[in-house]
Amino acid sequence: MDIFFQIYGYAYRTICNIPDGWVLKLAGGAILATVVRHTTLFTVFSFLVGIDLFAKFIALSYAMIKAQGDDEPSLLDAVKAIPEAHRQRIINSHEMKTQFTGKIIVYIIAVMAAGIVDFMIGHANFGPMVIAYLSSTELLSIVENLDDAGVSAVHDLAALIKRKRG
């Protein structure tokens, strides 16, 4: 029974403290509401680039396995071989980290520039156009990396994505 009184005491103190610092909480909420779209875009682009790099790791380890004499390694074999490809320096963490950071910076600059143009012109829809282009570029890169890793299911998908982008 004592545990319930403790939980009640903590909940009561928490509810009583809600109005404290309301100006700071209101300002923080306004700032978060303003940047939530940008934060979401940054997170999603980071996730897409991360998936792209993982697909590149798979493609590189697949190529390593093929070079060692296995004609048809599976996708699971390629994923399991990633640590070995890293040990053999086929996968270079520094280079991959640099690519990740560089891509994210370029994406942020491109989206910010498109947003500024939209603001200046008055909703010319450059922002969504740039976001769609960058997203489709990442999707195409992921599909091409998986195709290089021998995933036959995505072989024709790269040509379809290229056609849709054009």
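Computed from the coordinates by the stated procedures, all read-outs in this text should not be read as laboratory data. Since this is a predicted model, take the numbers as computed values, not measurements. Cβ atoms come from the backbone with ideal geometry, glycine included; neighbour counts cover every protein chain shown.
Do you know which residues across segment 49-81 are under 18 Å from the mean Cα position of the chain (by Cα), hydrophobic (A, V, I, L, M, F, W, C) and surrounded by fewer than 20 Cβ atoms within 10 Å (Cβ to Cβ)? 51, 53, 54 - these are the residues of segment 49-81 that are under 18 Å from the mean Cα position of the chain (by Cα), hydrophobic (A, V, I, L, M, F, W, C) and surrounded by fewer than 20 Cβ atoms within 10 Å (Cβ to Cβ).
Of all residues in segment 7-19, none that is in a helix (DSSP H, G or I) has its Cβ atom under 8 Å from the Cβ atom of a residue that is charged (D, E, K, R), 6 or more apart or on another chain. Residues of segment 136-153 that are part of a helix (DSSP H, G or I) and either more than 22 Å from residue 44 (Cα to Cα) or not hydrophobic (A, V, I, L, M, F, W, C) (or both): 136, 137, 138, 141, 144, 145, 147, 148, 152, 153. If the condition is being assigned to a helix (DSSP H, G or I) and free of Cβ contacts under 8 Å to residues at least 24 places away in the same chain, then segment 154-166 contributes 154, 155, 156, 157, 158, 159, 160, 162, 163. Per the listing 148, 118, the residue uniquely among the charged types (D, E, K, R), surrounded by fewer than 19 Cβ atoms within 10 Å (Cβ to Cβ) and either over 28 Å from residue 65 (Cα atoms) or touching a Cys at 6+ places or on another chain (Cβ under 8 Å) (or both) is 118. Of all residues in segment 82-115, those that are surrounded by 11 or more Cβ atoms within 10 Å (Cβ to Cβ) and either basic (Lys, Arg) or part of a loop (DSSP other than H, G, I, E, B) (or both) total 6.
Checking every residue in segment 29-46 against the condition of being touching a Ser or Thr at 6+ places or on another chain (Cβ under 9 Å), closer than 20 Å to residue 142 by Cα and surrounded by 10 or more Cβ atoms within 10 Å (Cβ to Cβ) gives at least one match.
Condition check for residue 133 on (1) outside any helix (DSSP H, G or I); (2) under 18 Å from the mean Cα position of the chain (by Cα); (3) not small (Gly, Ala, Ser): one failure, at (1).
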